[in-house]
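Encoded as structure tokens, the structure appears first; notes follow it.
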Amino acid sequence: MGHLLGNGVRFGIAHDVMAAGEGIETVVSLRMAIPTMPMVAALSANHLAALLLPATLRRLYVARDRDAAGDAVMDALTDRAQASGIESIGLLPRLGDFNEDLQQFGFDDLRAALRMQLVPEDVAWFMTSAKEDEVSG
């Protein structure tokens, strides 16, 4: 996986806002809850800390795990993002990671927890689209 350093599995094309997470399961769980937000799964904590950030990015959501590695990744990625003029916001799961949250608490609870952690304009942009209203209604 050394050749992947700085890269990851991308879901959507990031412009000014995106989310990044350590594992594919975490990011797929987030993607279920926020399907229109661009995301990247870095595939390991070290890869997440070294993620290459798009030049157009202005806000980065870091879907960190609730452990010591998640703390270290959040600090490292926040420092790198801020040095590039990018706002960094941590997304914290209730359990170990967002996949565990989805499995334990369900889709609606995961969406509600994420809604509270997003910037209001991003809630409006990524969580209230007509497409999602059709899915949830």
Across (1) over 20 Å from His15 (Cβ atoms); (2) surrounded by fewer than 19 Cβ atoms within 10 Å (Cβ to Cβ); (3) aliphatic (A, V, I, L, M), Ala55 clears everything bar (1)
If we ask which residues in segment 7-24 are part of a helix (DSSP H, G or I) and either under 10 Å from the mean Cα position of the chain (by Cα) or within 13 Å of Pro93 (Cα to Cα) (or both), their number turns out to be 0
Sole miss for Val27 among (1) on the phi < 0 side of the Ramachandran plot; (2) free of Cβ contacts under 8 Å to residues at least 12 places away in the same chain is condition (2)
Residues of segment 115-130 being surrounded by 13 or more Cβ atoms within 10 Å (Cβ to Cβ) and not in a loop (DSSP other than H, G, I, E, B), in sequence order, are Arg115, Gln117, Asp122, Val123, Trp125, Phe126
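Among the residues of segment 79-103 satisfying the criterion of being in a strand (DSSP E or B) and of a type in the set (Gly, Ala, Ser), which is farthest from Val17 (Cα to Cα)?
Gly90
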Looking across segment 58-69 at residues that are part of a loop (DSSP other than H, G, I, E, B) and closer than 25 Å to Glu121 by Cβ, the single one that is modelled with the highest pLDDT is Arg58
When restricted to Ala76, Ala72, Ala112, Ala55, the only residue more than 20 Å from Gly23 (Cβ to Cβ) and either among the β-branched types (Val, Ile, Thr) or part of a helix (DSSP H, G or I) (or both) is Ala112
Only one of (1) under 15 Å from the mean Cα position of the chain (by Cα); (2) modelled with pLDDT of 90 or more does not apply to Ser84, and that is (1)
Checked Phe126, Phe98 against criteria (under 19 Å from Gly8 (Cα atoms), of a type in the set (Phe, Trp, Tyr) and within 13 Å of the chain's Cα centre (by Cα)); the one match is Phe98
Residue pairs within 6 Å by beta carbon, gap of at least six or interchain, first lying in segment 44-68 and basic (Lys, Arg), second at pLDDT below 90 and not in a loop (DSSP other than H, G, I, E, B), listed first then second, are Arg64/Gly70; Arg64/Val73; Arg64/Met74
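The values are calculated or read from the model by the stated rules, or taken from the named source; none is laboratory data. Values in this document were obtained by computation on a predicted structure and should not be read as measured data. Quick reminder, even Gly has a Cβ in these numbers, built from the backbone with ideal geometry, and neighbours come from all protein chains shown.
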